[in-house]
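Take a look at the structure below.
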Amino acid sequence: MLLGLPGGIGPLTAVALVLATAMVAAIGWWDDHRPLAVLPRLGVHMLAAFLAAAAVLWSAPPGALDGIPPGRVLWLLPAAAWAAWSINLHNFMDGIDGLLGLQTVFVGAGLALLAAGKGDVALAGAGLVTASASLGFLLFNLPPARIFMGDVGSGALGLWLAALAGMQAVRHPQLAWAVLVLVSAFAVDATLTLLDRVMRGRAWYTAHREHLYQWLVRSGCSHAGADGRYLGWNLLAVAPATVAAANWPHLAAAICIGFYGLSGLAWMIGKRACIARVQRRTLHELA
């Protein structure tokens, strides 16, 4: 899709993205069937992330990054870090039926609309195909799920979404802040949960049930109910903020930063409410 449509990426970029995605899928399949230690898994993730980041940065049309410091080479490290984090955060957030599928449909459709607004047929098509494929999977993954992604699916999807978002940013730099807003629901939950665990001295790399969506379920919410809350937040808060950032580029940075602050506050309030509900229920059961 990205290779063949007008304005598509070159063959070397396409091969690099396919190879990077295959690397993440392969290590995920291995980990699904024979659990690996953290370091080998992260090592493959970083290699794939650097490969994908390089492919995305060098796919920018001539002049697209002119005047944007510090240039392609120095952007490689933060871009790779973002891609590696995207791999892992999508894996972390794939813990209940339907949630990752719904997020992928939303983000894929959002990226397609943003690209279409710029006349970018190739990128709009890629976003639409991503959303459509996820919707087909979602039909069997909604609660109660009949099929699951596993690490092989969630990790590869995380890298692919990071690549699509990155291509949106390098091909249309004025949309970079809007893209950050678009992916904020998962980014905020996974990032704040990780930081919270690190600050409390927990082993951040071990499995846990401390994301907001997991606290929702632990507090008595069904998988469908938790999915609905995330979908509602995306439609009622994330979508309008993304549209605002895309249409008012001179305010986009302020909109993005402010929205992440609002999202962090909502995350904190929601998590505290869930923990309090769990504690009350525990006390009631012990009484």
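The values are calculated or read from the model by the stated rules, or taken from the named source; none is laboratory data. Owing to the predicted nature of the structure, the values given are computational and were not obtained by experimental measurement. Heads up, the Cβs are rebuilt from the backbone with ideal geometry, glycines too, and the neighbour counts pull from every protein chain shown.
If you go through region 33-60 and keep only what is surrounded by 15 or more Cβ atoms within 10 Å (Cβ to Cβ) and in contact (Cβ under 8 Å) with a residue 40 or more places away in the chain, you end up with Leu42, His45, Ala48, Ala49, Ala52, Ala53, Ala55, Val56, Leu57, Trp58, Ser59, Ala60.
Restricting Ala83, Ala124 to those that are of a type outside the set (Lys, Arg) and over 12 Å from the mean Cα position of the chain (by Cα) reduces the list to Ala124. All conditions in (1) in a helix (DSSP H, G or I); (2) buried (at least 22 other Cβ atoms within 10 Å of the Cβ); (3) modelled with pLDDT of 95 or more hold for Leu135, with the sole exception of (2). Within region 220-237, is even one residue buried (at least 19 other Cβ atoms within 10 Å of the Cβ) and in contact with an Asp or Glu (Cβ under 8 Å, 6 or more places away or on another chain)? Yes - at least one qualifying residue is present in region 220-237. Scan region 114-123 and tell me whether some residue there is in contact with a His (Cβ under 8 Å, 6 or more places away or on another chain), within 21 Å of Ala80 (Cβ to Cβ), surrounded by 16 or more Cβ atoms within 10 Å (Cβ to Cβ) and in contact (Cβ under 8 Å) with a residue 24 or more places away in the chain. Taking every residue of region 114-123 in turn, none turns out to be in contact with a His (Cβ under 8 Å, 6 or more places away or on another chain), within 21 Å of Ala80 (Cβ to Cβ), surrounded by 16 or more Cβ atoms within 10 Å (Cβ to Cβ) and in contact (Cβ under 8 Å) with a residue 24 or more places away in the chain. Do we find that Arg202 is within 17 Å of Trp267 (Cβ to Cβ), out of contact with any Cys (no Cβ under 8 Å at 6 or more places or on another chain) and not in a helix (DSSP H, G or I) in this structure? No: the conditions fail for Arg202.
Let me confirm something: among Leu128, Leu77, which residue is over 20 Å from Leu192 (Cβ atoms), at pLDDT 95 or above and surrounded by fewer than 24 Cβ atoms within 10 Å (Cβ to Cβ)?
Every option except Leu128 fails the conditions.
Output the residue which, of all residues in region 209-252 that are assigned to a loop (DSSP other than H, G, I, E, B) and touching a Ser or Thr at 6+ places or on another chain (Cβ under 8 Å), is farthest from Ser184 (Cα to Cα).
Of region 209-252, the ones assigned to a loop (DSSP other than H, G, I, E, B) are 209-211, 219-222, 248.
Remaining after also requiring touching a Ser or Thr at 6+ places or on another chain (Cβ under 8 Å): 210-211.
Numbers: Glu210: 18, His211: 14 Å.
The residue in question is Glu210.
Restricting attention to region 23-40 and to residues that are farther than 16 Å from Met149 by Cβ and part of a helix (DSSP H, G or I), the residue that is modelled with the highest pLDDT turns out to be Met23. When Val170 is tested against the conditions (1) touching a helix residue (DSSP H, G or I) at 6+ places or on another chain (Cβ under 7 Å); (2) β-branched (Val, Ile, Thr); (3) modelled with pLDDT of 95 or more, the lone failure is (3). Reported count of residues in region 173-218, each being in contact with a helix residue (DSSP H, G or I) (Cβ under 6 Å, 6 or more places away or on another chain) and more than 30 Å from Ser59 (Cβ to Cβ), is 11.
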